[in-house]
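Peer 1: Submitted below is the structure of interest, expressed as structure tokens.
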Amino acid sequence: MSGSPAPATSAPLRLGTRRSALATTQSRHVADLVAAGGSAVDLVLVTTHGDVSTAPLATIGGTGVFVSALRDALVAGTVELAVHSLKDLPTAPPDGLVVAAVPPREDPRDVLVAAGGRTLAELPAGARVGTGSPRRRALLLDARPDLDVVAVRGNVDTRLAMVHDGALDAVVLAAAGLRRLDRLGEASELLDPATFVPAPGQGALAVECRADDEAVLAVLRGLDDPRTRVAVTAERTLLAALEAGCSAPVGAFARVLDGEPARLELRAAVASPDGTLLRETAVADLPAASAEEAAAALGRDLAARLLPHLTGPAAPSAPRPADDLSSQGSAPGSLPGPDRPRAQSDRESGS
């Protein structure tokens, strides 16, 4: 007897997610995409070391601490897939796991949330601006060396409260996180990615699963957005190449330029050992048959242009602690990586 087509999977897929409001919102978005393809999904909440520690991320292993527990759950078989903010993923490939899908990217820009709705140019000299990201610190001080950039930890709500309560004059956050939480209206200014270059992978999600799980790979394949994957491949390849030769804060942003042939533009901003900000842009053709390979080559080539300028003393340090602010209340390919500390691409998970 014939019947309706079988669902993509016979039992609900277990999707591992961090417990924060932003992480669960992102994971529900992916769950909805999977469900639209015919597979039921159950969320499984996982607590990571980064969620419970109040120590500066650079001292506890960088943003890899937000990834390791989810990957452990995948390897153990307690979940079938996990959702990460792509900028949190270390760059070296992991054993047995694969990024099966990179959905369409959200807004990659950083935003300023400031008291009184001020823009970056309007902040008074000495204004206290919060960030835990060496990249954002370098970009802020390049644009406004008269600012007092201070270190903060905590989730989006906590950081916004620091501004609303007067503990800080402003914070810099990711537009994607605010939009996903329906709080983008609180932003004072969307910062131009051509000058305030985002973190590699910012605004994109990575859906990871076991490399040998053919059923889940088949389900996730339809979620992958080729344009986003190509862009973040260039960004993360550049980051990986720079990590191998320096420890400087890195911003990288790529975009596909439509045409015949299509081209890929990659911008980078890296703090040099003497504290000056190096900026470079490169463009390359994007052959349809080998787009990922071309994107990776572009990332390596741009890194090779930057590295000779980045050897020497240590890069600028992370933001100084802000008194007690930091204790206030967080497709197959080469995208994924193991939980080792990354150089200094970005240190503010989900924000």
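The values are calculated or read from the model by the stated rules, or taken from the named source; none is laboratory data. A quick note: this is a predicted structure, and the numbers were derived from the prediction, not measured. Virtual Cβ from ideal backbone geometry, glycine too; neighbours counted across all protein chains shown.
Peer 1: Does region 103-123 contain any residue that is at pLDDT below 95, among the small types (Gly, Ala, Ser) and under 23 Å from residue 193 (Cβ atoms)?
Peer 2: Taking every residue of region 103-123 in turn, none turns out to be at pLDDT below 95, among the small types (Gly, Ala, Ser) and under 23 Å from residue 193 (Cβ atoms).
Peer 1: Show the residue pairs meeting these rules: Cβ distance below 9 Å; 6+ apart or different chains; first residue within region 247-269 and closer than 27 Å to residue 140 by Cα; second residue outside any strand (DSSP E or B) and of a type in the set (Phe, Trp, Tyr).
Peer 2: Listed pairs, sorted by first residue: 251/196; 269/196.
Peer 1: Still on this structure: Is it the case, given these coordinates, that residue 184 is in contact with a helix residue (DSSP H, G or I) (Cβ under 6 Å, 6 or more places away or on another chain) and surrounded by fewer than 20 Cβ atoms within 10 Å (Cβ to Cβ)?
Peer 2: yes
Peer 1: Could you tell me how many of the residues in region 308-323 are loosely packed, with under 15 Cβ neighbours inside 10 Å and either under 21 Å from the mean Cα position of the chain (by Cα) or modelled with pLDDT of 95 or more (or both)?
Peer 2: Of the residues in that region, 1 qualify.
Peer 1: Select from region 8-55 the residues that are at pLDDT 95 or above, charged (D, E, K, R), in contact with a strand residue (DSSP E or B) (Cβ under 8 Å, 6 or more places away or on another chain) and under 22 Å from residue 179 (Cβ atoms) and list them in ascending order.
Peer 2: Correct list: 28 only.
Peer 1: Give just the number: which of (1) over 20 Å from residue 184 (Cα atoms); (2) under 19 Å from the mean Cα position of the chain (by Cα) does residue 136 not satisfy?
Peer 2: It fails just one condition, (1).
Peer 1: Among the listed residues 305, 255, 300, identify the single one that is more than 21 Å from residue 90 (Cβ to Cβ), within 21 Å of the chain's Cα centre (by Cα) and either not in a strand (DSSP E or B) or not polar (S, T, N, Q) (or both).
Peer 2: Selected residue: 255, the only one of 305, 255, 300 that is more than 21 Å from residue 90 (Cβ to Cβ), within 21 Å of the chain's Cα centre (by Cα) and either not in a strand (DSSP E or B) or not polar (S, T, N, Q) (or both).
Peer 1: Given the conditions (1) at pLDDT below 95; (2) buried (at least 18 other Cβ atoms within 10 Å of the Cβ); (3) of a type outside the set (Ser, Thr, Tyr), report the number of the one that residue 260 does not fulfil.
Peer 2: (2)
Peer 1: Here is a follow-up. Given region 130-239, what helices (runs of 4 or more DSSP H) lie entirely inside it while holding 1 or more residues that are of a type in the set (A, V, I, L, M, F, W, C) and over 24 Å from residue 119 (Cβ atoms)?
Peer 2: Output list reads 214-221.
Peer 1: Take the residues in region 258-297 that are closer than 21 Å to residue 193 by Cα and acidic (Asp, Glu), then tell me which one is nearest to the chain's Cα centre (by Cα).
Peer 2: Per the criteria, the residue is 265.
Peer 1: Might you let me know whether region 234-242 holds any residue that is of a type in the set (Asp, Glu) and more than 16 Å from residue 297 (Cα to Cα)?
Peer 2: Checked region 234-242: no residue is of a type in the set (Asp, Glu) and more than 16 Å from residue 297 (Cα to Cα).
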